[in-house]
Structure formats: C-alpha cells, structure tokens
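Following: one structure in structure tokens, then a few remarks.
The values are calculated or read from the model by the stated rules, or taken from the named source; none is laboratory data. None of these values were measured; they are calculated from a predicted model. With ideal geometry, Cβ positions are generated from the backbone for all residues, glycine too; neighbour counts draw on all protein chains shown. Just so you know, the surface numbers come from the protein's heavy atoms only, side chains and all, with ligands and any DNA or RNA stripped out. Shrake-Rupley method; radii C 1.70, N 1.55, O 1.52, S 1.80 Å.
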2 protein chains.
Amino acid sequence: MNEIDTRTRLMLEGRRLFAEKGFRGASVRDITRAASANLGAITYHFGSKRALYVEVLERLFSDLAACVEAAAAPAGPAPDRIEAVVEALFAFFRRNPDAPRLMLHQFAAGEPVPEPVIPFLRRNLAAIRAVVLDGRDTGELRPADPLLVAFTIISQSIWFNLVGRPLHAVLGVADDPESFAARIQVHVAEVANRFLAPEA
Amino acid sequence: MNEIDTRTRLMLEGRRLFAEKGFRGASVRDITRAASANLGAITYHFGSKRALYVEVLERLFSDLAACVEAAAAPAGPAPDRIEAVVEALFAFFRRNPDAPRLMLHQFAAGEPVPEPVIPFLRRNLAAIRAVVLDGRDTGELRPADPLLVAFTIISQSIWFNLVGRPLHAVLGVADDPESFAARIQVHVAEVANRFLAPEA
C-alpha cells in the first residue's frame, strides 16, 4: 500500500467515522485501525485529526457548492433554475447519504464552522442570489432577499434528507420512501417559487 | 436531599448532558455525578439510562406540542394562526435553547424515534392540519397537503434555531442575532402563507 492509498483510506474511513460518531467520538485509533494504517498516519498525512476532519468537510462542501452552482447556471427561466437547485441538493444527498449526519454532528457539537469551509457555504448562497437577482431583472420573480430564499431552500432540503426516513415511519406516510422524497423535492421548489412569484 | 429532588436533578442533568454529548456520549457516571446522586440512582428512579432519556424527550416534545396546539387554536383568520404557530416555535426554542441539539443528537445518531415520543410529534402535525383545513373551508387558504405545510414550517424553524448562530457569523449578516432571528421568524410565516395563498 503506497502513500496515496493510505491518505485516501484515511479520508474515507475518517469521513465514515466522523459521520457515525462526530469529530470527538471518532478517535485517531478508530480511524487508523479502520484504514489499516499505523497510529501515526493521520499526523503524518494531515498534521492532526482536526486537519483530517476539516479536509473531509472541505471536500464535501466543495462538491455541494459545485453542484449548486452548476444547477443555478443561467440556462432558462428563473423558476426552472430554482427547481434545478433543489433537484441538485436532493441528488447530492442521495449520492452522499452520510452528508446530513456529517453536517449534523458539526452543528450538534455547537462548535463554530471551520474557517476553510466557509467559502464553500458562501458559494451556495451566491449561486442562489444570482438566480433571484436575474429573475427580478427579467420580472419572472418578485424582488426578495436572496439570503432568505437560500435559507428556505437549503434548510428544508437538509432537514428532509436528515430526518426524512424516521419521519416517514413516524407519520405513517402512505407512499414509499422514494416517492415521498420526490414529492418533498417538488414541494420545496414550489414553496420557493410561490414565495418568489410576482405579485398579481 | 429527598427522593423528589434526586429525580428532578437527574432529569435536569440528564437533559443537559444528553444535549451536550448525545445519548451514548452521556454516561450514567456523568449524569449521576452531575446530579450529586449515587451511581444506582438512574436505575432506581427510571429503570435505565434509556428510560431517563426517553422521559427527557417526552417532556420536551410534550411542551412543544402544547405550545403549537395553543397557537393553532381557532381564534382568528387562518393566516394569523399560521403566524402564531411559527411564533410559538421560535418562542419555544428561545426558552429551550438546548432543544434543537437534543433533537439533533437523536437524529444524528441515526436511531429510530423512541415510541413514546411519536404521539407528541403527531400532535404538532394535527394542530397545523386543523389550521390548513379550516382555512380551506373559509377560503382564506388554498387547498394544500397539511403534511407538506407542517414540514415547511417545522423544518425551517428547527434548522434556523439550530444553525442560526453559526450561520449568522458565517454569512456576515448585518443585523444583530436577535433581529436576524425575528426577521427569519417573519419570513418562515410569510413563506407558509404565500404557499397557502388562494390562487388569484
């Protein structure tokens, strides 16, 4: 196993264990053992467990920002771009089922967001802002605070992807989990677009 | 210190430590030590750490359901009742700043919602459903799926009260944290009411 393999395995197992147990819960011993690496491998490759954690979050939020930016790119009516952003968020969480729990542990710990992650969070906001401002300029959307629109889209998408499964069971929803997720995805886009609909 | 005091202290310290560290992270030793009780006190008063945890959650979600029901009670136009529900949620989280983290740990752990808590979650849904159906009957609101409306209101309220503070710092929001929270509260109600506005 060469250097690159060990680094990649530490990233993968670190991510898995941080999602499962949180930053503090996942020990250096847990991660290095799961990655079949020696106890000093995290220090050698990343400098510290904290640095590995930040790199895991950076990778995740960088992927998310890229997806949201691609979906928001100007290529059609503003309401369709809002729909595309919601679709991208749901697709991202389908591809990264551990992502909401990674975010959750970060927030549940009540610690500040690591500095290097902040630019990626801001990129999501900027992508949604561009759609809201373009739509205002074309008259497709009423003027609205882009920060509030981004909040409405992102909070519902994350929350659903986090609690959707337990919620589905608890509420005795009639449709199967996948149809339910599709229904919520359409709903979140509709909520944002009705909020942004020009006044009659 | 009498029996009642010990039980109450175990509830308080259990709640504090479950919010801080999650169910698994908060040990029987941590809780009994913080409550100045002996190591067997949780078993004696509750039966198990799990039973103490479930009682903490039950108490919390029972208070929440009572607040939402009071706010949703039929005493005015349906859009005002929607506003009152959002206000009640934000007031609840102001009074119980540890509540989002307690919920978070529960969901981050990826475990099913404890059975005794489920009726309280359903009461929130039922209270919002009543407003949506009353509003449809009077023509103040368009027909909509009450489950989706409840999701939109509750997900944004919880998410904001969970991540609002770190978010506020990250996004460089101009107004102070309290004004920002007030602005989001108004926004969440407006989002729901625009979603429910009768078609022109």
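Separation of region A:1-55 from region B:17-60 is 31 Å, based on Cα centroids. Which residue, A:41, A:174, A:88, has the most motion in a Gaussian network model of chain A that connects Cα atoms within less than 10 Å? With Cα springs under 10 Å in chain A, the top fluctuation among A:41, A:174, A:88 is at A:174. The other copies place their residue B:169 label points at 3.5 nm from this one, listed shortest first, where each point is 7 Å from Cα along Cα→Cβ. Taken about its Cα centre, chain A carries a charge dipole of roughly 760 debye when the Cβ of each Lys and Arg holds +1 and the Cβ of each Asp and Glu holds -1. Considering only A:90, A:22, A:65, the residue lying farthest towards the positive end of the dipole of region A:12-109 is A:22, judged by Cα position with unit charges set on Cβ. Rolled with a 1.4 Å probe across the full set of protein chains, the surface gives residue A:155 an accessible area near 0 Å². What separates the residue A:95 label point from its copies, with the point 7 Å along Cα to Cβ, is 4.5 nm, written shortest first. Taking each residue as 0.36 nm, the span from residue A:176 to residue A:94 lengthens on full extension beyond its C-alpha to C-alpha distance by 28.0 nm.
Taking every alpha-carbon pair under 8 Å whose residues sit at least 6 apart, chain B reaches a relative contact order of 21 percent. Only alpha carbons enter this Debye calculation for region B:113-181, each as an equal point scatterer, and the log10 of I(q)/I(0) it gives at q = 0.13, 0.14, 0.19, 0.20 Å⁻¹ is -0.57, -0.63, -0.83, -0.85. Distances from residue A:28 to itself in the other copies, using label points 7 Å out along the Cα-Cβ axis, amount to 3.2 nm in increasing order. For the rotation that carries chain B onto chain A, the axis lies closest to a Cβ at B:200, 2, where the number is the distance in whole Å. Distance between the 7 Å Cα→Cβ label points at residue B:8 and residue B:33: 2.5 nm. Overall, the accessible surface of chain B at a probe of 1.4 angstrom is composed of carbon and sulfur to the extent of 55 percent. The alpha-carbon of residue B:21 sits under 13 angstrom from the alpha-carbons of these aspartates and glutamates, leaving out residues fewer than 8 places away in its chain: A:111, B:13, B:30, B:98.
Our Cα-only numbers for the protein assembly as shown put the radius of gyration and Dmax at 22.3, 70 Å. Rolling a 1.4 Å probe over the protein heavy atoms gives the protein assembly as shown an accessible area of 45 Å² per residue. If I model chain A as equal point scatterers sitting on the Cα atoms and use the Debye formula, what is log10 I(q)/I(0) at q = 0.16 Å⁻¹? The Debye formula, applied to the Cα set alone, gives -1.03. Remark: C-alpha extents of region B:25-118 on the principal axes read 53, 28, 21 Å, sorted largest to smallest.
With a 10 Å cut-off around each Cβ of A:5-15, the average count of Cβ atoms from other chains is 0. Tell me: how much accessible area in total is hidden between B and A, 1.4 Å probe, Å², nearest 100? Heavy-atom accessible area buried at this interface is about 3900 Å². Exposure check, 1.4 Å probe, all protein chains in place: residue A:195 carries approximately 10 Å² of accessible surface.
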